[in-house]
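Below is one structure, written out as structure tokens, with a few remarks after it.
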Amino acid sequence: MKVLLVGSGGREHALAWKLAQATGLDELHAAPGNPGIATIGRCHPVRAEDGEGLLALAGSLGADLVVVGPEAPLVAGVADELRHLGVAVFGPGAAAARIEGSKSFAKELMAAAGVPIAEALPVARAPCVIKADGLAAGKGVFVCRDQGELEAALQAAAAFGDSIVIEELLEGEEISVFALCDGVHAVALPTVQDFKRIGEGDTGPNTGGMGSYSPVAVSGPSEAEELVDAIHRPVIEELASRGTPFVGVLFAGVMLTADGPRVLEFNCRFGDPETQSLLPRLEGDLLGALVAAAHGNVSGVALETSDAAAVTVVLAAGGYPASGDVGSPIEGIADAEAAGALVFHAGTALQGDRLVTSGGRILNVTATGPNVAAARDQAYEACELISFPGMRYRRDIATVTHV
């Protein structure tokens, strides 16, 4: 089977790493990919948002499956364009991807499906949560506990567009809940917890994610199935009833409150950096599961979960999230991998034969172990072997309880 993977970040490198293990894989291609993906597949200079370019590439390769990683091309309708020409795609069409592309649409959809949500507020008054309505690369949510934070949030949210959503501020543990969907059915995946804020103790501005771990102590396999049954399946049914079936991975950010779970948001793709901690725990044929979803039947899919834990630490540029870094040399990846870690490329490039920085989040260092503490220790030992100018990372991933 020939697979074309769309995207260029750490999530896509993790997907490529897992898909490359499939016995049914003949060729792995990526558009545009990154230097890490290039070590296990062939990368092509086609942007993820270039629908026409992807169509031409998929056709020239004779791709049997296209896996779309990032949200932007999904919201833009790239999956629709591919499907119209008969290409099997893992990823929702634009109408279903609106569940991430528009938070106001998602709230209307969840209300229609009877899913428990954070309640919308008519006016912005602290305490509350301000959300940019459209795509914001994980940086468009602002928790406002006082008037000062509220004023700063309103100004920051305006940078993402004119429309905002105002919600009640919920307290509890936030977890990421994933399900593979074929338009009708859903297969629950292990839950993950990620760490959005830049600083230790969950301080500073939101980022695309500074680390993650799995399993989450407050949510075991049975709880994951219960959450998918209560949250994902009603939404999948509602989308199908509207003639916009969801095919791909449906990702819910869920707050476990004293009054029960509440959905904070939905995303139409795998999380980043949650995927980097999720996939090392999955056993079985992920490629087969994605093919089954793309062809409309996951009812026979069974992806077992390892008892091992996984922890991922993001190595970011010194100015992140305000700015990235380009062209700084990266050292020590081979040493970290020799120590047993997985190192996923998120924002890297090649200058000649030298690996350099090219983004905000540069690398994702993932380690597994018999428990979270052991995996965390190994991940941080590996982080210490890697260096680039200005490198920063949180040192409390998987050690703090956060909201």
**Q.** Bins of 10 Å from zero: percent of alpha-carbon pairs in the chain
**A.** 5, 24, 35, 28, 9, 0
Q: Give the carbon-plus-sulfur fraction of the accessible surface of the chain in %, rounded to a whole number; probe 1.4 Å, heavy atoms of protein chains only.
A: 50
Q: Hey, can you grab everything whose amide H is under 5 Å from the amide H of Ser163? Only 5+ residues off in sequence or another chain; H modelled, so Pro and N-termini drop out.
A: Asp133
(Q) Give the lysines reachable from Lys18 as a straight Cα distance under 23 Å; neighbours fewer than 8 places away on the same chain don't count. (A) Lys2
Q) Under the rule of -39500 (n - 2.57) per DSSP H run of 4 or more residues, summed and divided by the residues of the chain, what mean residue ellipticity at 222 nm is obtained, to the nearest 500 deg cm²/dmol? A) -7500 deg cm²/dmol
Q. Which far-off residues, 5 or more places away or on another chain, put their amide H under 5 Å from the one on Thr348, with H placed in the peptide plane?
A. Ser358
**Q.** Derived scalar couplings ³J(HN,Hα) [segment 123-132; Karplus, 6.51 cos²θ - 1.76 cosθ + 1.60; whole Hz; x for Gly, Pro]
**A.** 9, 7, 9, 5, x, 6, 10, 9, 10, 5
Q. Applying the Karplus parametrisation 6.51 cos²θ - 1.76 cosθ + 1.60 with θ = phi - 60° to the phi angles of segment 195-202, what ³J(HN,Hα) value in whole Hz is obtained for each residue in order, glycine and proline being reported as x?
A. 10, 7, 7, 6, x, 4, x, 6
Q) Given the C-alpha centroids of segment 108-140 and segment 338-403, what is the distance between them in whole angstrom? A) 32
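Find out how many positive minus negative residues lie around Leu55, taking Lys and Arg as positive, Asp and Glu as negative, among other residues whose Cβ is under 12 Å from that of Leu55. Walk me through the numbers before you get to the answer.
On the way: positive: Arg83; negative: Asp50, Glu52, Asp80, Glu81.
For residues surrounding Leu55, the net value is -3.
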Q: Among the lysines, select those whose C-alpha is under 20 Å from the C-alpha of Lys131, and discard any that sit fewer than 8 residues away in the same chain.
A: Lys103, Lys107, Lys139, Lys196
Q: List the residues whose amide H sits under 5 Å from the amide H of Glu265, counting only those 5 or more places along or on another chain, with H placed 1.01 Å from N in the peptide plane.
A: Gly253
Q | Karplus-derived HN-Hα couplings along segment 321-338 (A = 6.51, B = -1.76, C = 1.60, θ = phi - 60°), whole Hz, x at Gly and Pro | A | x, 5, 8, x, 9, 10, x, 7, x, 10, 10, x, 4, 4, 5, 5, 5, 5
Q) Per residue, what accessible area does segment 116-248 have, given a 1.4 Å probe and all protein chains present, in Å²? A) 41
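The values are calculated or read from the model by the stated rules, or taken from the named source; none is laboratory data. What you see is a predicted model, and the numbers here were worked out from it, not measured in a lab. Quick reminder, even Gly has a Cβ in these numbers, built from the backbone with ideal geometry, and neighbours come from all protein chains shown. Keep in mind that these areas ignore ligands, DNA and RNA; they rest on the heavy atoms of the full protein, side chains included. Shrake-Rupley method; radii C 1.70, N 1.55, O 1.52, S 1.80 Å.
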